[in-house]
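Colleague: Below are the structure tokens for one structure; questions will follow.
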Amino acid sequence: MRLKNMLGDAEFVKYWIGQTFSVFGSNIATFALPLMATFYLEVSPGELGLLQAMSGIPFLLFSLFIGVMVDRVRRLRLMIVSDFFRAALIGLIPVFYLLDGLTIWHLYFVALGVGVLSVMFETAYQAFLPGFVGKDRLVDANSALQFSQSLSQISGPGAAGVLVNLVAAPLAMIVNGLTFLASAVALARIRFRETVPGAATSLAAQLQDVTGGLRVLLGHAVLRPLTLAMGSINLFFSAFLAAYYPYLKNHLGFTSFHTGLVLSVGALGAVAAVFTAWRLAAGLTPGAVVIFAEALFALGAWLVPLAGGPRALQAAMVVGTALVAFYGGASANIMAVTICQKVTPDRLLGRVSAASKFFLGGLAPVGAILGGVLAEYLGLRLTLFIAAGGITLMASWLAVSRLRKASDSSLESEYAITA
């Protein structure tokens with residue numbers, strides 16, 4: 001990431017600060033809600049699984065409708081509103097706690113609501129970015145935003161754990177709510193004039209808008225394999241994670257502290273991707289960067305069930321594979337988002353981004369359920385091998401698709417969406 005290229009833009013710095021607070025808030029909530037349910041409410045495993053599934057439901061049920069809205073309103077304003085409402089929803093938890101009435105049903109409601117608002121925020125900020133910074137600076141801008149995401153992945157689990165341990169778990173959510181308020185304040189200070197297209201009037205036109213992003217994405221020679229393959233990789237990776245945590249505990253003897261440490265160290269690989277993405281983009285086509293990065297991600301998945309030998313060697317292999325996998329995943333994400341933004345005109349960015357999230361986010365809970373079933377009946381190690389094989393198959397599909405030859409010039413000419 002050529003950071004100096006972006007730090008000189010005062011308006012982008014405000015945007016970056018707002019997005020940073022927002023992703024930190026999202027990651028803290030992701031870990032704090034299950035911790036609260038486990039240690040404060042003492043829920044059953046089934047109830048905990050349902051709580052975690054709430055984060056994936058909005059992608060399946062609401063993302064396509066949200067995409068239409070993002071293309072019909074001021075995107076910056078939608079991000080600010082999303083942050084304020086997320087802060088308000090999170091703020092309900094300490095209120096219910098102080099009234100001695102907090103239940104798992106309140107957490108379900110908050111998790112679902114925050115999930116819907118997070119889909120709104122993420123879709124809007126991806127659609128807002130190209131017009132805000134210009135398509136020639138997208139790699140640097142997306143790298144900066146990925147940097148925030150990577151740091152939140154490193155510190156989010158730890159911050160959630162510390163907050164829950166320092167004060168009563170529900171009261172810890174006050175800090176979480178303040179991160180969303182800080183994001184809203186930073187974004188509200190941006191000075192940028194957006195143009196908003198007119199809304200569709202007829203029912204038929206509105207229905208076309210809802211499915212428009214899907215039709216564009218599935219009919220595009222580059223976006224179709226890119227999205228379907230990466231969505232399937234998310235599915236197999238979620239299945240992988242369902243077996244990963246118990247495998248580290250039962251087969252390698254890792255404690256929860258060791259597992260958290262592995263994930264935090266692995267996230268440093270994502271930070272490294274942020275600072276090298278532009279170098280990869282300079283030497284390879286955008287499509288080739290995605291393929292190379294997903295190949296590294298697949299390699300990391302294979303090495304986990306292959307870890308063997310003395311305990312120190314096993315631990316070194318697990319940490320090394322986490323670094324490789326995080327690096328590959330972050331590099332692929334930076335370039336995939338950039339490709340989508342380059343080929344899609346501004347008027348369609350919300351719908352196409354939402355259609356992409358429909359696959360990328362919606363398939364993840366399906367994979368988690370699949371991984372749990374496979375681990376139950378086939379065992380942890382075999383499930384890891386199956387998931388690694390699925391990730392490799394999807395990376396191979398990308399390697400033989402038209403994405404391989406997608407250069408910067410062809411993305412903005414041959415593959416640019418014009419209709």
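Colleague: Here is a check on your reading of the model: is V366 part of a helix (DSSP H, G or I), surrounded by fewer than 20 Cβ atoms within 10 Å (Cβ to Cβ) and without any contact (Cβ under 8 Å) to a residue 12 or more places away in the chain? Write out each step before concluding.
Modeller: Working: part of a helix (DSSP H, G or I): yes; surrounded by fewer than 20 Cβ atoms within 10 Å (Cβ to Cβ): yes; without any contact (Cβ under 8 Å) to a residue 12 or more places away in the chain: no.
It is false that V366 is part of a helix (DSSP H, G or I), surrounded by fewer than 20 Cβ atoms within 10 Å (Cβ to Cβ) and without any contact (Cβ under 8 Å) to a residue 12 or more places away in the chain.
Colleague: With the condition kept exactly as written, say whether any residue in segment 279-288 is crowded, with 16+ Cβ neighbours inside 10 Å, modelled with pLDDT under 80 and not charged (D, E, K, R).
Modeller: Yes, segment 279-288 contains at least one residue that is crowded, with 16+ Cβ neighbours inside 10 Å, modelled with pLDDT under 80 and not charged (D, E, K, R).
Colleague: Quick one: is V73 at pLDDT 70 or above and not in a helix (DSSP H, G or I)? Reasoning before the result, please.
Modeller: Working: at pLDDT 70 or above: yes; not in a helix (DSSP H, G or I): yes.
Against the criterion (at pLDDT 70 or above and not in a helix (DSSP H, G or I)), V73 qualifies.
Each row is one residue, and each column tells you yes or no for (1) touching a residue at least 12 places away in the same chain (Cβ under 8 Å); (2) crowded, with 24+ Cβ neighbours inside 10 Å.
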position	(1), (2)
A316	no, no
L323	yes, no
A332	yes, yes
F359	yes, no
G371	yes, yes
I386	yes, no
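Colleague: Output the number of residues of segment 104-118 satisfying the condition of being over 18 Å from I66 (Cα atoms) and in contact (Cβ under 8 Å) with a residue 24 or more places away in the chain. Outline the logic, then answer.
Modeller: Kept after step one, since they are over 18 Å from I66 (Cα atoms), are these residues of segment 104-118: 104-110.
Checking which are in contact (Cβ under 8 Å) with a residue 24 or more places away in the chain leaves us with 104, 107-108, 110.
So the count comes out to 4.
Colleague: Mind checking whether some residue in segment 283-294 is assigned by TED's automatic domain parsing to the domain that holds L226 and more than 21 Å from V222 (Cα to Cα)?
Modeller: There is no residue in segment 283-294 that is assigned by TED's automatic domain parsing to the domain that holds L226 and more than 21 Å from V222 (Cα to Cα).
Colleague: Take T392 and tell me if it is part of a helix (DSSP H, G or I), under 22 Å from the mean Cα position of the chain (by Cα) and either surrounded by fewer than 21 Cβ atoms within 10 Å (Cβ to Cβ) or free of Cβ contacts under 8 Å to residues at least 24 places away in the same chain (or both).
Modeller: Values: part of a helix (DSSP H, G or I): yes; under 22 Å from the mean Cα position of the chain (by Cα): yes; either surrounded by fewer than 21 Cβ atoms within 10 Å (Cβ to Cβ) or free of Cβ contacts under 8 Å to residues at least 24 places away in the same chain (or both): yes.
The answer is yes for T392.
Colleague: State whether the residues of segment 336-344 include one that is in a helix (DSSP H, G or I), touching a Gly at 6+ places or on another chain (Cβ under 8 Å) and in the same structural domain as G231 (by TED's automatic domain parsing).
Modeller: In the first step, residues of segment 336-344 are kept if they are in a helix (DSSP H, G or I); the result is 336-343.
Subset that is touching a Gly at 6+ places or on another chain (Cβ under 8 Å): 339.
Now drop any that are not in the same structural domain as G231 (by TED's automatic domain parsing), which leaves 339.
The answer is yes; a qualifying residue exists.
Colleague: Here's a follow-up. Does A270 satisfy the criteria of being among the aliphatic types (A, V, I, L, M), crowded, with 24+ Cβ neighbours inside 10 Å and either in contact (Cβ under 8 Å) with a residue 60 or more places away in the chain or touching a Cys at 6+ places or on another chain (Cβ under 6 Å) (or both)? So that I can check it myself, show each step before the final result.
Modeller: On the way: among the aliphatic types (A, V, I, L, M): yes; crowded, with 24+ Cβ neighbours inside 10 Å: yes; either in contact (Cβ under 8 Å) with a residue 60 or more places away in the chain or touching a Cys at 6+ places or on another chain (Cβ under 6 Å) (or both): yes.
Here the answer is yes, as A270 does meet what is asked.
The values are calculated or read from the model by the stated rules, or taken from the named source; none is laboratory data. Fair warning: this is a prediction, and the values are worked out from it, not measured in the lab. Positions of Cβ are generated from backbone atoms using ideal geometry, with glycine treated the same way; all protein chains shown enter the neighbour counts.
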